[in-house]
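The structure's right below; bear with me while I get my questions together.
The values are calculated or read from the model by the stated rules, or taken from the named source; none is laboratory data. Computed from a predicted structure; not experimentally measured. Here the Cβ is made from the backbone with ideal geometry for all residues, glycine too, and neighbour counts use every protein chain on show. The accessibility values were calculated without ligands, DNA or RNA, using every heavy atom of the protein model including side chains. Shrake-Rupley method; radii C 1.70, N 1.55, O 1.52, S 1.80 Å.
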Amino acid sequence: MSQQTELKLTFEPLNMRTKHPFGISYGTSSDVSNVLVKVQYDTFEGLGEAAPAAYHSESVPTVIAVLKSWSESGSLGNDPFAVEATMRRLDKTLAGNGAAKAGVEMALQDLRGKILGMPVNKILGLSGLLPPMTDFTIGIADLDMIEKKTEEAVKAGFHILKVKQGTSYDKEIIRRVRKAAPSLPLRVDANGGWTPKQAIAMSHFLAENGVEFIEQPLHKFASLEDWRLVRNGAAIPIFADESCMRAPDAARLAGVVDGVVVKLAKTGGLSEALKLIHTARALDMRVMFGMMVESSIGVTAATHLSALADYLDLDGAMLLADDPYDGAIYKDGYMVLSDRPGLGVIPRAN
Ligand code: MG
């Protein structure tokens, strides 16, 4: 019997819809256009998902072009255990393109776990830790819809809500969320929608309404001076998301933010996410683990690292109307992994 010696990379569009139109400060959409990534070796197949965002300078066409070039050049090599070496090689060929790289590494980690017959978090030595609870995101919409979505989230048993901001009616949004969820812990994500002055003023209003922290109040390319100004004037902690892609960004932002948001689509996969998490910890910053709107492939990959975070925002698949996969499952506040090998993701039966 001949054995396949090269890792084979294939990919296809993964188009999905959200339950409600999902709005953030950059825009609103019901369509989710990601890319399904597959890596085959021998009889094993690993699955990954690339979730590109225009505000990270990626799109489905850029992801497909990058994956095509890696596939044609045999960039994945012939060793299914050489994850770090492979990811370094991909990094060397191309900067950025975090979503495309994340899709490849998810598939490589899944493949390795399936060959070993073991879940990814156990291979990484991360089992036995209790991850924090995940929040559920209330996107930007009109106020009646926001109140309705909040009521639904409370009814569905979510324990923490994350509220999207960056509109001309941010205070009203918080009032309507609070009306429907008077006592749930809240956090806020402005997706870069505020000036430093607005951010400081809003932080006091948010503190009075029991909000824990603010994610990305300022523009992605805001100066360190502006970040420092906001952190010094703010009534609650400040986290950087879009401004913190990888470990060197945490080092750059140390002292001017309280924490960073880690996402596989930004770091370019699990290996770089671990580096960012450990760098942030070493610099005394808090860590939130988040995701894009992704299927259960992306959310499950993130869940395998989730025990290392202080805060979790892993609701991406729960926003979908037609998640084609089964993986980590939401249970009373927590994302729970199966004990299947690799990522533990299987096509949804229906
Ligand atoms: Mg964010």
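What is the packing order of peptides 170-177, 12-19, taking the mean over residues of other C-beta atoms within 10 Å and listing the highest first? Could the numbers behind the result be given before it?
Values: 170-177: 19.5, 12-19: 15.2.
Per-residue Cβ counts within 10 Å, averaged per peptide and sorted highest first, yield 170-177, 12-19.
When the accessible area of the chain is split by element with a 1.4 Å probe, what percent falls to carbon and sulfur? Walk me through the numbers before you get to the answer.
On the way: 7650 of 14160 Å².
The C+S portion of the solvent-accessible surface of the chain is 54 percent.
Any of LYS19/LYS162; LYS38/LYS114; LYS8/LYS114; LYS38/LYS331; LYS8/LYS263; LYS68/LYS101 with alpha carbons more than 20 Å apart? Name them for me. Before the final figure, lay out the partial values.
Working: LYS19/LYS162 17 Å; LYS38/LYS114 13 Å; LYS8/LYS114 16 Å; LYS38/LYS331 28 Å; LYS8/LYS263 26 Å; LYS68/LYS101 12 Å.
Correct reply: LYS38/LYS331; LYS8/LYS263.
Sticking with this one: Can you tell me the orientation of helix 270-282 relative to the chain, as the angle in degrees between its alpha-carbon axis and the longest Cα principal axis, to the nearest 10?
40
Related question: Tell me the net charge near LEU276. Cut-off is 13 Å between Cβ atoms, LEU276 excluded, with +1 for each Lys or Arg and -1 for each Asp or Glu.
On the way: positive: ARG246, ARG252, LYS263, LYS266, LYS275, ARG281, ARG286; negative: ASP241, ASP249, GLU272.
Charge balance in the 13 Å sphere: +4.
Rounded to whole Hz and in sequence order, give me ³J(HN,Hα) for the stretch 329-335 from the Karplus expression 6.51 cos²θ - 1.76 cosθ + 1.60, θ = phi - 60°, writing x for Gly and Pro.
Using θ = phi - 60°, the values come out as 10, 6, 9, 6, x, 10, 8 Hz.
Hey, another quick one. Which of the peptides 75-83, 215-223 is most tightly packed, and how do the rest follow, judged by the mean count of other Cβ atoms within 10 Å per residue?
Details: 75-83: 16.3, 215-223: 20.6.
Going from most to least packed, we get 215-223, 75-83.
Moving on to the next point. Show the residues, 5+ positions off or on another chain, whose built amide H is closer than 5 Å to the amide H of THR137.
Those lying under 5 Å, H to H, from THR137 are LYS162.
Follow-up. What ranking, highest mean first, results for peptides 241-247, 320-326 when packing means the other Cβ atoms within 10 Å averaged over each residue? Spell out each step's value before the answer.
On the way: 241-247: 22.6, 320-326: 17.0.
Listed from highest to lowest mean packing, they are 241-247, 320-326.
Quick check on the chain: helices-only [θ] at 222 nm, where DSSP H runs of length 4 and up contribute -39,500 (n - 2.57) each and the sum goes over total residues. Nearest 500, please.
On the way: 12 runs with 126 residues, N = 350.
Dividing the helical sum by the residues of the chain leaves -10500 deg cm²/dmol.
Now for a different question. Using a Gaussian network for the chain with springs between C-alpha atoms less than 10 Å apart, which of these wobbles most: ARG89, ARG231, ARG286?
Checking each option, the largest mean-square fluctuation is seen for ARG89.
Keeping all protein chains in place, calculate the accessible area per residue for the stretch 52-96 (probe 1.4 angstrom), answer in Å².
52
If you don't mind, there's one more thing I want to ask. Express in nm, to one decimal, how much length is gained between LYS155 and ASN15 on full extension, taking 0.36 nm for each residue of separation and deducting their alpha carbon distance.
Details: separation 140, 0.36 × 140 = 50.40 nm, distance 2.84 nm.
My answer for the length gained is 47.6 nm.
Here is a further query. Non-local amide H neighbours of LEU14 (under 5 Å, H modeled in plane, Pro and chain starts lacking H): which ones?
Excluding prolines and chain starts, which carry no amide H, the hits are ASN34, VAL35, LEU36.
For helix 60-72, what angle does its Cα long axis make with the longest principal axis of the chain, in degrees from 0 to 90 and rounded to 10?
20
Treating only the Cβ atoms of Lys and Arg (+1) and Asp and Glu (-1) as charged, compute the dipole magnitude of the chain about its Cα centre; round to the nearest 20 debye. Please report the intermediate quantities before stating the final value.
Details: 37 positive and 42 negative charges, 67 e Å.
For this selection, approximately 320 debye.
Between 0 and 90 degrees, rounded to the nearest ten: what's the tilt of helix 98-116 against the longest Cα principal axis of the chain?
With rounding to tens, the tilt is 50 degrees.
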